[in-house]
Amino acid sequence: MKKFFTLVIVSLLSAMAVQAQRVVINKKDGSKVVVLAKDVQDVKFAPASKTDPFIGRYKGADKVKIGGMFSYTSADEVTYEITDNEDGTINLIVPVVTYAKTLMGTLILGTYTISNIPYNAEKKAFIKAYKEDNIKFRFITKDDSGNTTRDQEYTFDKDACKVVIALSDDGKLTINNTYQMGSMPMVIYGTFVGARQ
């Protein structure tokens, strides 16, 4: 009986010691995740999904080339976000992007989301032609004094609308987003390269 109680006490002390500890997961990118042991119910290992390496927020410069003639870089770095869906597709959340000193003054493209982008195994990228999604976004122009000269909603409904999202070996995210807006005859070629935040 004494032996039994000794085992119970040892078990309780061990449990208390575990409860007071932290679980630290060191990631390859130098970051770490810390969880209190008392908050961990169980640990499960699941097969990795194609979406896993892509999920997160990425910060970098956004560049556009209009009709292959005019090139502009975003006034500030912007942050794109990728979320995943249960069917193995991803969603791309495009931020508000400002381009200063263009031929039309300051251009501001509003935020929008391209949803359910499927993985293309041959290209090793998530790719979608999204004309049929009829995604709406705001297009704003301002003059040199900061006065709004246009504030209009457009729909991405042209054949040119296509996004390609890929990851390089160093973890940088590249987004090639091609689109046309309104009655503009020129195609806009957008390129974003960002680092995970």
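The values are calculated or read from the model by the stated rules, or taken from the named source; none is laboratory data. None of the values given here were measured: they were computed from a predicted structure. Using ideal geometry, Cβ is built from the backbone for each residue, glycine included, and neighbour counts are taken over all protein chains shown. Side chains are part of the model used for accessible areas, which takes the heavy atoms of the whole protein and leaves out ligands, DNA and RNA. Shrake-Rupley method; radii C 1.70, N 1.55, O 1.52, S 1.80 Å.
Computed values, structure above
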| quantity | calculated |
| --- | --- |
| Search result, residues across the range 91-131 that are over 22 Å from residue 63 (Cβ atoms) and among the hydrophobic types (A, V, I, L, M, F, W, C) | 121 |
| Residue check for residue 188: under 24 Å from the mean Cα position of the chain (by Cα) and modelled with pLDDT of 95 or more | no |
| First in the range 102-118 and at positive phi, second anywhere and among the hydroxyl-bearing types (Ser, Thr, Tyr) and not in a strand (DSSP E or B), Cβ under 6 Å, 6 or more apart | 116/89 |
| Counted residues, the range 154-197 - those being assigned to a strand (DSSP E or B) and open to solvent by less than 70 Å² (accessible area, probe 1.4 Å) | 21 |
| Residue within the range 134-144 that is touching a residue at least 12 places away in the same chain (Cβ under 8 Å) and within 20 Å of residue 85 (Cβ to Cβ) present | yes |
| Cβ pairs under 6 Å, 6+ apart, first in the range 173-197 and within 30 Å of residue 33 (Cβ to Cβ), second open to solvent by less than 30 Å² (accessible area, probe 1.4 Å) and acidic (Asp, Glu) | 192/62 |
| Filter pass, residue 151 being farther than 18 Å from residue 95 by Cα, open to solvent by 20 Å² or more (accessible area, probe 1.4 Å), over 22 Å from the mean Cα position of the chain (by Cα) and acidic (Asp, Glu) | no |
| Every residue from the range 19-40 that is in contact (Cβ under 8 Å) with a residue 12 or more places away in the chain, open to solvent by less than 70 Å² (accessible area, probe 1.4 Å) and either part of a loop (DSSP other than H, G, I, E, B) or among the acidic types (Asp, Glu) (or both) | 40 |
| Any chance residue 129 is among the hydrophobic types (A, V, I, L, M, F, W, C), touching a Lys or Arg at 6+ places or on another chain (Cβ under 6 Å), in contact (Cβ under 8 Å) with a residue 24 or more places away in the chain and over 18 Å from residue 193 (Cβ atoms) | yes |
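So that you can scan it fast, the table gives a plain yes or no per residue for (1) in contact with a strand residue (DSSP E or B) (Cβ under 7 Å, 6 or more places away or on another chain); (2) farther than 30 Å from residue 30 by Cβ; (3) at pLDDT below 95:
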{"residue": "118", "(1), (2), (3)": "yes, yes, no"}
{"residue": "144", "(1), (2), (3)": "yes, yes, yes"}
{"residue": "164", "(1), (2), (3)": "yes, no, no"}
{"residue": "167", "(1), (2), (3)": "yes, no, no"}
{"residue": "174", "(1), (2), (3)": "yes, no, no"}
